[in-house]
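Report on one structure; see the data block that follows.
The values are calculated or read from the model by the stated rules, or taken from the named source; none is laboratory data. Just so it is clear, the structure is predicted and the values come from calculations on it, not from any experiment. Cβ: placed from backbone, ideal geometry, glycine included. Neighbour counts: every protein chain shown. Just the protein is used for accessible areas: all its heavy atoms, side chains included, with ligands, DNA and RNA removed. Shrake-Rupley method; radii C 1.70, N 1.55, O 1.52, S 1.80 Å.
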Amino acid sequence: MPLKWSDVTPKPLWLNRRQLIAGAATLLASPALARIEAAPSKYSTDAEPNSLEDISTYNNFYEFGTGKGDPASYAGGLTVDPWSVVIDGLVDKPGTYDLADVVKGQPLEERIYRFRCVEAWSMVVPWIGFQLSGLLERAGVQPGATFVAFETLLRPEEMPGQASPFIDWPYREGLRLDEAMHPLTILATGLYGEEMPKQNGAPIRLVVPWKYGFKSIKSIVRISLVDKMPLTTWNMLQPQEYGFYSNVNPKVDHPRWSQASERPLGGGLFAGRQDTLMFNGYEAEVASMYAGQDLAVDY
Ligand code: MTE
């Protein structure tokens, strides 16, 4: 069995030196995140995870602004407890479920995944979560369901970025049902052995490691089983640039930049780029779902 990153690395080493120096005071001042116990997973990559600082200070979370540092600066005021998730549409047991109920009985695992943003940077994150399939099975997916739609919290009082008229809030995402049921697809409630930092999508977010990062919707309040391809935020904004599928694909470029390579975060200014892998390196696990599809058309 592979060891979890948190088993082999004492916490001070997760934090980089800058955090250790600047952090002594802030660590005392900010409320400690609760630890979460999770089992190691055969789905983890053995690539070395990025530092907690990289993962929690360079973020995309437009509800808190468009700058990479905005989520870390402004997400602190988000109320994540109490939290409930509506599960509705074509399910046997629709309802509004308290977060504790959503997580109940789902085996938590540490999943160390590669994460590739459509903007061509990447990192490796030790998520903690459980398979979305487990929750959907509990809710009882009805035969007519073919897609799953997700929505983020709509709360402009606590999410200053929601004042921006450019996005039709709430942030929305979607998966085809087979993608949603795939064992790599998780709902994450933490990372690095602790509950999810707010800037990373507390208290519960999606992680789909073979797709561009924007599919991995944060701070989820609604999961709907539907029979049509749902509307998704980036596709609504720029349909020629961001497709519904958005599988990581080095052979299909973004109209404004190449997707053949990526910049791994944390390597420093002069670190080289690395080749982007088909399906972000998860080809063996997921390619069969797209047999017969032209991925240049279904981008
Ligand atoms: N979810 C919501 N609700 N709002 C967002 O702006 N940004 C997406 C995705 N999920 C986003 C979101 C994008 S573009 C990326 S790359 C990832 O979150 C970033 O996740 P991270 O900040 O945890 O690295």
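Please verify whether the stretch 76-84 includes one or more residues that are at pLDDT 95 or above, in a strand (DSSP E or B) and either farther than 29 Å from residue 118 by Cβ or open to solvent by 40 Å² or more (accessible area, probe 1.4 Å) (or both).
Within the stretch 76-84, the first condition is being at pLDDT 95 or above, and the residues that meet it are 76-84.
This time we only want the ones that are in a strand (DSSP E or B), so: 84.
With the extra rule that they be either farther than 29 Å from residue 118 by Cβ or open to solvent by 40 Å² or more (accessible area, probe 1.4 Å) (or both), the set shrinks to 84.
Checking the stretch 76-84: at least one residue is at pLDDT 95 or above, in a strand (DSSP E or B) and either farther than 29 Å from residue 118 by Cβ or open to solvent by 40 Å² or more (accessible area, probe 1.4 Å) (or both).
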Practice prompt. Just need a number here: residues in the stretch 50-75 that are within 17 Å of the chain's Cα centre (by Cα), surrounded by 20 or more Cβ atoms within 10 Å (Cβ to Cβ) and among the aromatic types (Phe, Trp, Tyr).
Written response: 3
Discussion item. For the stretch 180-227: of the residues being within 15 Å of residue 123 (Cβ to Cβ) and among the small types (Gly, Ala, Ser), which is surrounded by the fewest Cβ atoms within 10 Å (Cβ to Cβ)?
Written reply: 213
Item to complete: Out of 88, 101, report the one residue that is of a type outside the set (Lys, Arg), without any contact (Cβ under 8 Å) to a residue 60 or more places away in the chain and farther than 21 Å from residue 199 by Cα.
Response: 101
